[in-house]
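Single-structure report; data block below.
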Amino acid sequence: MKIVAKIVVFDPGLGSLSIIKEIQKISKNDISYFTDQKNYPYGVKSQAQLSIIIKKQLIY
C-alpha cells in the first residue's frame, strides 16, 4: 500500500492508542501521535483556549 498522507492523532490522554492500532492495520500512512496531559482535562476549556493549546502543540 502506498503512503498517501500523514495522519496526526492529538489526544490529551492515552485513549486513542487503541484507535491508532486499528488505523495501522488498514493504512501504511505515517502516523504522528501527540499527547497533552499538562492541559488535561479539555472539557472545561473554551474553544478559544483549545485553539491556542492545539496550535502550540502542532507548531512544536
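Computed over every Cα-Cα pair of segment 1-48 and binned at 10 Å starting from 0, the pair-distance distribution P(r) comes out as 24, 43, 24, 9, 0 percent. Peptides 35-44, 5-14 ordered by packing proxy, namely the average of other Cβ atoms within 10 Å per residue, highest first: 5-14, 35-44. For I7, the amide hydrogen comes within under 5 Å of the amide hydrogens of D30, I31, S32, counting only partners 5 or more places away or on other chains and with H modelled in the peptide plane. Net charge dipole, the chain: roughly 140 debye, given to the nearest 20, about the Cα centre with Cβ charges of +1 for Lys and Arg and -1 for Asp and Glu. Measure nothing but the geometry: give the 0 to 90° angle between the long axis through the Cα atoms of 17-26 and the longest principal axis through the Cα atoms of the chain, rounded to 10°. Between the helix axis and the principal axis of the chain, the angle is about 30 degrees.
Applying 0.36 nm per residue to the separation of Y33 and S51 and subtracting their alpha-carbon distance, the gain on full extension is 4.7 nm.
Only the coordinates and a few stated rules stand behind these numbers; no lab work does. The structure displayed is predicted, hence computed values, not measured ones. All Cβ positions, even for glycine, are placed from backbone atoms using ideal geometry, and neighbour counts span all protein chains on display.
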